[in-house]
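Novice: I'd like to ask you about the structure that follows.
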Amino acid sequence: MIEPLPNETLAPTRNAVKRYVQPSGEESRLITPIKKTRVAEEVADRIRVLMLDGTFPPGQPLPSERHLAERFGVSRGSIRDALRTLETIGLLETRHGQGTFPHELSVDRLVAPLASVMAYRPDLQDELLDVRRMFEPAVARAAAMRATDEDLADLERILETQRQKLKRGQSAIAEDTAFHAIMARSTRNRVVMSIMATLNDLLVDSRTQSLRQKGRPGRSIDGHEAVVAALRRRDGEGASQAMRHHIDQIADLHVPAHKGPNPPAK
């Protein structure tokens, strides 16, 4: 448990707000002086952990900036920067005259920060492809076991639209994105769906560029058709391998960003 802060008080409020009670014990390791140079980021990380473990529960205000600064051993400016970061990504809310409150932690609020980071780190695109290799084959395997007839019909409709657009020379980026979203929906797992939605947001630019390359739209459709065929057979391993092969084909178009060619799927 965390030792109580000395003379802890909260900002006065018109409405009754529960007083923050400092737990004591092992959790106090998270509220200790910080030695790293990226102080505000470290403070934000620790506060996020304290929110996750219930030390800072939703509905109760955080301790004052002054007391947080004393316990973390940093300046109040660093505390303000950390709180501003957490508020920007939706984890905290400032209520005038009452204080700063943790939000209820939803899947969207936990996943969204990834999109914010990746949007400003184009150098991580290769690693994003690596994440897709780890994640999407597993999604395809689960979808093969859980997809409904409606899911399969939706996937077939997307494929048909892709084929028609390919014949007309039109972009099918919306259908490409929708295909992977419905694959995630087919798992009946809300966390998977949220992670896939984040990946789809991150992939908009790269999909737009790659689908302009000669032969890429046709290869995309071929990859999608192989996955759907495995889903119809309820073949989890086949769906996983088909998705892995599909992503490897995409990765081949990004070879200049790699140190070498992408290894073939096993």
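The values are calculated or read from the model by the stated rules, or taken from the named source; none is laboratory data. Model, not experiment: these values are computed from the prediction. Neighbour counts are summed over all protein chains in view; Cβ atoms, including those assigned to glycine, are modelled from backbone coordinates with ideal geometry.
Novice: Looking at 141, 190, can you tell me which residue is in contact (Cβ under 8 Å) with a residue 60 or more places away in the chain, assigned by TED's automatic domain parsing to the domain that holds residue 250 and more than 16 Å from residue 243 (Cβ to Cβ)?
Specialist: 190
Novice: Between a first residue in region 215-235 that is of a type in the set (Val, Ile, Thr) and a second residue that is modelled with pLDDT under 95, which pairs have beta carbons less than 6 Å apart while being 6 or more apart in sequence or on different chains?
Specialist: 221/162
Conditions tested, residue by residue: (1) of a type outside the set (Gly, Ala, Ser); (2) modelled with pLDDT of 85 or more; (3) not in a helix (DSSP H, G or I).
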| site | (1), (2), (3) |
| --- | --- |
| 180 | yes, yes, no |
| 195 | yes, yes, no |
| 207 | yes, no, no |
| 222 | yes, yes, no |
| 231 | yes, yes, no |
| 242 | no, yes, no |
| 248 | yes, yes, no |
| 260 | no, no, yes |
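Novice: Among the residues of region 159-172, are any surrounded by fewer than 13 Cβ atoms within 10 Å (Cβ to Cβ), within 21 Å of the chain's Cα centre (by Cα) and of a type outside the set (Gly, Ala, Ser)?
Specialist: No, because not a single residue in region 159-172 is surrounded by fewer than 13 Cβ atoms within 10 Å (Cβ to Cβ), within 21 Å of the chain's Cα centre (by Cα) and of a type outside the set (Gly, Ala, Ser).
Novice: Find the residue count for region 132-171, including only residues that are in contact with a helix residue (DSSP H, G or I) (Cβ under 8 Å, 6 or more places away or on another chain), polar (S, T, N, Q) and more than 14 Å from residue 222 (Cα to Cα).
Specialist: Qualifying residue count for the region: 1.
Novice: Is it the case that region 83-100 has a residue that's under 16 Å from residue 40 (Cβ atoms), at pLDDT below 90 and charged (D, E, K, R)?
Specialist: Yes: region 83-100 contains one or more residues that are under 16 Å from residue 40 (Cβ atoms), at pLDDT below 90 and charged (D, E, K, R).
Novice: Tell me which of these residue 71 doesn't satisfy, since it passes every other one: (1) within 30 Å of residue 199 (Cα to Cα); (2) at pLDDT 90 or above; (3) in a helix (DSSP H, G or I).
Specialist: (1)
Novice: Something else: Filter region 69-82 for residues that are without any contact (Cβ under 8 Å) to a residue 40 or more places away in the chain, closer than 13 Å to residue 42 by Cα and not small (Gly, Ala, Ser) and give the result.
Specialist: Across region 69-82, the qualifying residues are 79, 80.
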